[in-house]
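Read-outs: derived from the displayed coordinates by stated rules, not from any lab. Since the model is a prediction, treat every value here as computed from it, not as a measurement. Here Cβ is always computed from backbone atoms with ideal geometry, including for glycine, and neighbour counts include all displayed protein chains.
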Amino acid sequence: EIHVLLTREADGYYAAFTPAVEALARCLRQGWTYTGQPYAPWDGRPRGRPVAPLRPEQLVAYVQNHDQIGNRALGTRLEHEVGVERACMATVLLLFLPWTPILFMGQEWAASSPFLFFSDHDGEVGANVARGRREEFHRFAAFADPAAAARIPDPQAAETFERSRLRWEERTAAPHAAALALHRAMLALRRDDPVLSAPCALADLEVTTHEAVLSVERANEHGARRLLVNFGDGPAPAALREGERVLFLSGRLEGDRIGPFAAAILTSDRRPSRGGVRASGDR
């Protein structure tokens with residue numbers, strides 16, 4: 001959900017997801033997107049089932065992984081498509097949630113190298129893999145033309161593998177160093193904060209939306225932590241509550257306005273008054 005929300009891609013398998021903040025909120029409330037409804041325009045069969053009785057820590061969540069990136073025609077990472085700032089915003093959301101997170105290799109410093117689909121098969125098998133790789137993207141408008149499909153790297157070529165190697169030296173250069181620092185800070189917060197480090201049931205997540213802003217709140221006896229994420233292109237009302245203080249910030253929070261593609265974690269001493277997810281959308 002977060003990928004299509006940021007990239008607005010609707011081709012191929014991305015057509016099965018909705019680029020809307022409320023769709024992402026629904027996914028967070030349910031634990032995942034598909035709980036038995038029809039899957040995609042080309043496949044109306046039911047997909048998935050309700051998460052219960054699984055706990056959030058039993059669910060694996062990610063912004064990107066080897067399968068998603070490797071199956072993209074050009075192996076592009078999220079930061080290549082939408083920029084480092086927006087990819088980091090997505091990571092703050094990922095690491096705020098009680099799911100078990102995946103950080104794909106190089107994601108922590110917004111690696112510049114792609115992760116291409118590569119293989120090493122002999123003879124006819126290798127030729128079939130190379131041909132099938134390009135035929136796979138017939139549902140994508142950008143590669144429907146044979147000349148465009150020819151731009152998809154040959155998975156059997158050694159160069160395809162070499163291009164996918166991480167460039168470890170770039171971790172200390174801009175903008176990679178800032179991305180790495182953000183990941184380290186969020187991981188430390190997830191480990192050490194008494195609210196974010198504690199188990200949290202899905203029913204205890206409070207997930208709401210207001211226009212382009214997503215709000216996710218977790219609370220226990222140690223207090224409350226609320227994440228605001230602005231998916232809009234411009235500043236939006238943050239609707240700060242009395243007593244809330246900034247615990248972590250990616251992007252800008254000025255007064256009562258949160259900047260575009262910013263993520264802010266707010267802390268307060270508020271104790272939970274009730275369990276359960278707020279089922280309404282905008283508020």
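Counting each DSSP H run of 4 or more residues in the chain as -39500 (n - 2.57), what helix-only mean residue ellipticity at 222 nm follows after dividing by all residues, to the nearest 500 deg cm²/dmol?
The helix-only estimate for the chain comes to -8000 deg cm²/dmol at 222 nm.
Once phi is turned into ³J(HN,Hα) by the Karplus curve 6.51 cos²θ - 1.76 cosθ + 1.60 with θ = phi - 60°, what whole-Hz value does each residue of segment 74-90 show in order, with x for glycine and proline?
10, x, 6, 7, 4, 5, 6, 8, 10, x, 5, 4, 6, 5, 5, 4, 5
If I take every Cα pair under 8 Å that is 6 or more residues apart in segment 28-149, average their sequence separation and divide by the length, what percent do I get for the relative contact order?
Here the relative contact order equals 22 percent.
Pairs of alpha-carbon atoms within less than 8 angstrom and 6+ residues apart define the contacts here; what relative contact order does segment 202-272 have, in percent?
In percent, rounded to a whole number, it is 33.
Distance between the C-alpha centers of segment 1-79 and segment 218-260? Whole Å please.
25 Å
For Rg and Dmax of the Cα atoms in Å, several values are listed as [x] 25.0, 80; [y] 20.3, 68; [z] 19.1, 59; flag the one computed from this structure.
[y]
Nearest 0.05, what FRET efficiency do Ala148 and Glu221 give at R0 = 41 Å with Cβ-Cβ as r?
0.10
At Glu22 and Thr76, where each label point lies 7 Å from the Cα along Cα→Cβ, what is the point-to-point distance in nanometres?
Result for the modelled spin labels: 2.9 nm.
Could you state the angle between the C-alpha long axis of helix 21-30 and the longest principal axis of the C-alpha atoms of the chain, as a value from 0 to 90 degrees rounded to the nearest 10?
80 degrees
Rounded to the nearest 5, what % of the DSSP beta bridges within the chain are antiparallel ones?
Just about 90 percent of them are antiparallel.
Determine ³J(HN,Hα), in whole Hz, for all residues of segment 3-19 in sequence, where each value follows from phi through the Karplus function 6.51 cos²θ - 1.76 cosθ + 1.60 and θ = phi - 60°; x replaces Gly and Pro.
Karplus-based 3J(HN,Hα) across segment 3-19 equals 5, 5, 5, 7, 8, 6, 6, 9, 7, x, 5, 5, 5, 7, 10, 10, x Hz.
What does the highest-first list of 87-95, 35-43, 5-13 look like by mean Cβ count within 10 Å?
Per-residue mean Cβ counts within 10 Å order the peptides as 87-95, 5-13, 35-43.
If you line up the long axis of helix 176-192 against the longest principal axis of the chain, both from Cα atoms, how many degrees apart are they, to the nearest 10?
With rounding to tens, the tilt is 50 degrees.
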